[in-house]
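Before any comments, here is the structure.
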Amino acid sequence: MSRMSLPHRILGKLAPSTMDRYLLRQVVPPFSIALGVVMAALLLERLLVLFDMLAANGSSMKTFVALLSDLVPHYLGLALPAAMCVSVFTVIRRMSANHEIDALTASGVSIFRICQPFVLTGAVFGLLAFSLYGFIQPYARYDYRSAFYFASHAGWTPHLQSKMFAISDNIVLTAETVDHAGSRLSHVFIRDQSDKAHIRYISAQKGYLYNPADGSRIRLDLIDGTIVTDSGDKQPSVTEFTRTTRMISSNGKLDDEAYNGRGETERELTVPELYYGIRHGNPSISHSYMIAELHFRLARTAAIPFIPILACALAGVRKRQKGNPGLAIAAITLVGFDHTLQMGMSFVANMHMSPLLVIWLPTVAFAVICVSMLVHQAGGIRILLTRGPAIAPRELSADGLPRRVVETGT
């Protein structure tokens, strides 16, 4: 038999075996459920705040959906590690309770080999998380801040109601009837004193309000009406029209803040922009804040592949053991590690401490703890060193399982 080329051997090593495909198929349903539950739990509080704000301002459902879509990348970055931990823990615990783990280890498949596809999946999720933390979330955060500002500072147009006066700067507007959305008016009356030289009194049969997405000026289209211009020292003039358009300033304070570009804070900068700011400086953001933000994102990304290792180590069920507190321990560990990173980021930003000490040292400690727990679950380093391989490599089938297991179907 001719020797296989190096690319074929690499592809053969990377190709998932039957056991890998089985484990990955088992983890997909609980991962999907856990991701949906965690996302719903994280979004619930923010959804209530958005509902209250949008209902008070009379904003449309389109605005709500836009704000919600801007929140998804932020909470997805938090939900991915949690859902991955829960799903891997669920699969390993079920296999352990059904003695599948015992059958595999008795046939020579170590717990490290069982954990391998989950670790590789964690590495893939780490790349996805890096794209979320480093590129998608900064843009989504700015879009959310801008959209939320416009929605909460839309002026008086959403509050317009039938037979009530609305005042903005030097304009007073009222209408006999206004629809629920506040955009269609009938029997409109306007007193416009924006021009100091004269006052305009405008009446129209119908009116349509358009609030632009940028929140700059409101457009009012009037149909079939009359304009009376009073200059004070002259005879008032009367002008009839079939259709006219008025541009109304919403509140006069949107121009300064709402149009600030992205990058007002370090959380709105991508990873390359943070690196560039650290190297060359950023006049609007502190140097220490950019360093803290960059190392915080990289540390969170580097820790994700170790989460499946932690779940595999804590999911094992011992014989005649009724309960397993492993999931609670994993949750406490993950939450504690995330808060430790946030505290380290605060130390770097405000106290100018070294990120190697307060960010990367806890990350390395977390990785060492995860691997140590898995080694302990496998029987300890002494057993691993003295036991040796249970089955020779030639006794393994092409599917990665022991040949005698494949042949007997056990």
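The values are calculated or read from the model by the stated rules, or taken from the named source; none is laboratory data. For clarity, every value in this text was computed on a predicted model and none was experimentally measured. No Cβ is skipped: glycine too gets one built from the backbone with ideal geometry, and neighbour counts run over all protein chains shown.
Structure notes:
- A count restricted to the range 273-314 and to residues that are under 20 Å from residue 86 (Cβ atoms) and among the aliphatic types (A, V, I, L, M) stands at 8.
- Residue match in the range 264-282 (condition: at pLDDT below 85 and within 24 Å of residue 353 (Cα to Cα)): yes
- Those strands (runs of 3 or more DSSP E) of the range 134-250 in which 1 or more residues are modelled with pLDDT of 85 or more and over 30 Å from residue 291 (Cβ atoms) occupy 171-178, 184-192, 199-210, 217-230, 237-249.
- Within the set 65, 88, the sole residue that is closer than 18 Å to residue 113 by Cα and part of a helix (DSSP H, G or I) turns out to be 88.
- The range 182-210, residues that are basic (Lys, Arg) and more than 17 Å from residue 243 (Cβ to Cβ): 191, 196
- Pairs meeting the criteria (first residue in the range 196-211 and farther than 16 Å from residue 175 by Cβ, second residue of a type in the set (S, T, N, Q) and not in a strand (DSSP E or B), beta carbons under 9 Å, at least 6 apart or on different chains) are 196/170; 197/231; 198/231; 199/193; 199/231; 200/193; 200/194.
- Just one of the listed residues (291, 369, 332) is in contact (Cβ under 8 Å) with a residue 60 or more places away in the chain and either of a type in the set (Val, Ile, Thr) or in a helix (DSSP H, G or I) (or both), and it is 291.
- Among the residues of the range 345-404, those identified as of a type in the set (Val, Ile, Thr) and at pLDDT below 85 are 381, 383, 386, 391.
- Where a residue in the range 15-35 is surrounded by 14 or more Cβ atoms within 10 Å (Cβ to Cβ) and its partner, wherever it lies, is hydroxyl-bearing (Ser, Thr, Tyr), with Cβ under 6 Å and at least six apart: 27/87; 30/87; 30/90; 31/87; 34/87
- Hey, residue 54 in a helix (DSSP H, G or I) and at pLDDT 90 or above or not: no
- Filter result for residue 267 (surrounded by 19 or more Cβ atoms within 10 Å (Cβ to Cβ), within 19 Å of the chain's Cα centre (by Cα) and charged (D, E, K, R)): no
- Residue within the range 94-116 that is β-branched (Val, Ile, Thr), surrounded by fewer than 19 Cβ atoms within 10 Å (Cβ to Cβ) and touching a helix residue (DSSP H, G or I) at 6+ places or on another chain (Cβ under 8 Å) present: yes
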